[in-house]
Amino acid sequence: MTDKVLPLAHHLRRHKRNVRRYTSAIRSGDGKQIRVALNRLLNSHSSKVVAATEAIRPRKVKTNLSADSLAKKIDVWKPCDEKAFVSAIPKSNSEDYRLVVSFGAENRTRQVLVLNALKCHWNISDDQTVFNGGTAEAIRRVKKNYANGFTHFLEVDVYQCFDRFDIEGVARFLSMPEKVTDNVLSGRSLNIVPSNSTRNDVVPESQDNRETPMELFQEHFRLEWDPDQQGLIQGSKASPYAAELLLAPVCIAVSECGSGMVVNYADNFFLMAKSHGELSNLNKILGESLRAHPAGPLLGQFMPESITPGASFEILGYKLLPKNGKLRVKMSTKNQAKARSIRRKTYRVLNSKMPLHLKIRAFESLQKDHKSLVYAFTEWKKGKQYHEKKMRPLRELIAAATLEAMPPVRRRVRAPRSAVETRPATEMPLPQVRRRVRKA
């Protein structure tokens, strides 16, 4: 006899009940009650089904299992044998690599399950913007602070933020069992395999080499990848939210000092003050809070030098230009170069000897890429105008190519009406009268 598959609405009701119990236990502050409610949430089949549904919903994770079948395989108290592929992505501002792991359906479900438990805390500071408006909200706050007189600016980036978190300290800080934290949030128990792109491009293999691809990968990235010292894993669904919870006390400590304003986006801290002395005080408090972190110590690194009033600066893909005590917003120099590269590629396609239907297809694709790049910067009010201005010459080129490829239209030449009217009446054709014949 097969097990009856219950509808998703039933599992949602039971999952919400588990969430309410865990949230009320956190508010009560009773340690035993918190542990019991958390264990019930992590072991509940309904919560696992809800997590599996969310994990496989984007259809980017390939699996032949249903959400119910996938939920039966989930046990966050034990390591997962599913392969996780690590990729080395070069950083834009240096020659270093960022190691990002892509996961399958089972690992994704485990991460969403833990993420749903972490969301019950919601101890995020008001100065954090990743889950509170994103980059657009961060830019709006920087503009508002600048207009209010906080014109001295300094950007501080947490050095290797995810990797430097201590897992034992993370488990204590988040009130999460150490086994669950180690199996889901860290990379120490994962079945890591180098991705095909990393294996072919970054770590090329030779046929006579007896080392495995993972040994070659660890040798090549021995400074960036150390499984024993691995903190929060990059590419996980739960890691960004866990990092926000971990960085919340740092934002609170800096904002409560009263020397200036702080805006946080992920591991980027934007310090703003009315004088250079207040900015130095903010930076000092930030450094002390990072070093004294219970899951640290963490280190801060300066991106550029401090920005003085009247100087333009770039953050989060935007370029901010002071004018009359306020900040004007436009796309950063790097993103403008990226948009220019897309337009140059489009010009090369339209001026080539490619067939017209392929030109039209390529133009539509490149126009879509250009639009998605420009429109992503929602705080740039002239972004739509910029896109239309740059696309207008390209549309004229594609219209000219379409007209040139069209065959010539053959028109019938008729005699002018004046020629018919000048004919003599005797030569005009007589109208034919049709007579009706009666039937006998």
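The values are calculated or read from the model by the stated rules, or taken from the named source; none is laboratory data. Computed from a predicted structure; not experimentally measured. We place every Cβ from the backbone using ideal geometry, glycine too, and count neighbours over all the protein chains shown. Areas reflect the complete protein model, heavy atoms only, side chains present, ligands, DNA and RNA absent. Shrake-Rupley method; radii C 1.70, N 1.55, O 1.52, S 1.80 Å.
Inside the range 230-278, can you point out the residues that are open to solvent by less than 10 Å² (accessible area, probe 1.4 Å) and of a type in the set (D, E, K, R)? Within the range 230-278, GLU244 is the sole residue that qualifies.
Does the range 381-394 include one or more residues that are in a loop (DSSP other than H, G, I, E, B) and open to solvent by 70 Å² or more (accessible area, probe 1.4 Å)? Yes.
Residues in the range 310-329 that are open to solvent by less than 70 Å² (accessible area, probe 1.4 Å) and in contact with a helix residue (DSSP H, G or I) (Cβ under 9 Å, 6 or more places away or on another chain): how many?
Pass one, the range 310-329, residues open to solvent by less than 70 Å² (accessible area, probe 1.4 Å): 310-313, 315-322, 325, 327, 329.
After this cut, where a residue has to be in contact with a helix residue (DSSP H, G or I) (Cβ under 9 Å, 6 or more places away or on another chain) as well, the list is 315-320, 322, 325, 327, 329.
Looking only at that region, the number is 10.
Of all residues assigned to the range 340-363, none qualifies as being over 30 Å from ILE398 (Cα atoms), among the basic types (Lys, Arg) and at pLDDT 90 or above.
Select from the range 88-126 the residues that are among the β-branched types (Val, Ile, Thr) and modelled with pLDDT of 80 or more and write down the one among them that is most open to solvent (accessible area, probe 1.4 Å).
Here is the first cut: in the range 88-126, the ones among the β-branched types (Val, Ile, Thr) are 89, 100-101, 109, 112, 114, 124.
Next, from what is left, pick out any that are modelled with pLDDT of 80 or more: 101, 109, 112, 114, 124.
On the way: VAL101: 3, THR109: 0, VAL112: 1, VAL114: 1, ILE124: 33 Å².
Here the answer is ILE124.
Going by what's in this entry, would TYR375 be described as farther than 30 Å from VAL263 by Cβ and open to solvent by 50 Å² or more (accessible area, probe 1.4 Å)?
On the way: farther than 30 Å from VAL263 by Cβ: no; open to solvent by 50 Å² or more (accessible area, probe 1.4 Å): yes.
Taking the combined requirement at face value, the residue does not satisfy it.
Return yes when ALA405 is surrounded by 10 or more Cβ atoms within 10 Å (Cβ to Cβ), small (Gly, Ala, Ser) and modelled with pLDDT of 85 or more and no when it is not. Judged against the criteria, ALA405 is not a match.
For the structure I just gave you, tell me whether ASP208 is within 22 Å of HIS293 (Cα to Cα) and either at pLDDT 65 or above or of a type in the set (Asp, Glu) (or both). Criteria not met by ASP208.
Could you give me the residue pairs with C-beta distances under 7 Å whose first residue belongs to the range 155-175 and is over 11 Å from LEU299 (Cα atoms) and open to solvent by 20 Å² or more (accessible area, probe 1.4 Å), whose second residue is among the β-branched types (Val, Ile, Thr) and assigned to a helix (DSSP H, G or I) wherever it lies, and which are 6+ apart or on separate chains? Filtered contacts from the range 155-175: SER175/ILE34. Pairs meeting the criteria (first residue in the range 39-64 and within 15 Å of ASN107 (Cα to Cα) and modelled with pLDDT of 80 or more, second residue part of a loop (DSSP other than H, G, I, E, B) and not polar (S, T, N, Q), beta carbons under 6 Å, at least 6 apart or on different chains) are LEU42/VAL76; LYS48/ILE74. The set of residues in the range 120-139 that are of a type outside the set (Val, Ile, Thr), part of a loop (DSSP other than H, G, I, E, B) and under 15 Å from VAL262 (Cβ atoms) comprises SER125, ASP126, ASP127, ASN132.
Do the conditions hold for PRO227, that is, is it modelled with pLDDT under 65, in contact with a Gly (Cβ under 7 Å, 6 or more places away or on another chain) and open to solvent by less than 60 Å² (accessible area, probe 1.4 Å)? Considered against the rule, which asks whether it is modelled with pLDDT under 65, in contact with a Gly (Cβ under 7 Å, 6 or more places away or on another chain) and open to solvent by less than 60 Å² (accessible area, probe 1.4 Å), PRO227 comes out as yes. Within the bounds of the range 74-87, is there any residue that is buried (at least 22 other Cβ atoms within 10 Å of the Cβ) and modelled with pLDDT under 90? The answer is yes; a qualifying residue exists. The residue that is farthest from the chain's Cα centre (by Cα), counting only those in the range 256-265 that are at pLDDT 90 or above and of a type outside the set (Val, Ile, Thr), is MET261.
A quick yes/no check of all residues on (1) farther than 28 Å from GLU314 by Cα; (2) without any contact (Cβ under 8 Å) to a residue 12 or more places away in the chain; (3) more than 21 Å from the chain's Cα centre (by Cα):
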position	(1), (2), (3)
ASN335	no, no, no
LYS345	no, no, yes
SER352	yes, yes, yes
HIS357	yes, yes, yes
ARG361	yes, yes, yes
LYS368	no, yes, no
VAL374	no, no, no
THR378	no, no, no
GLN385	no, yes, yes
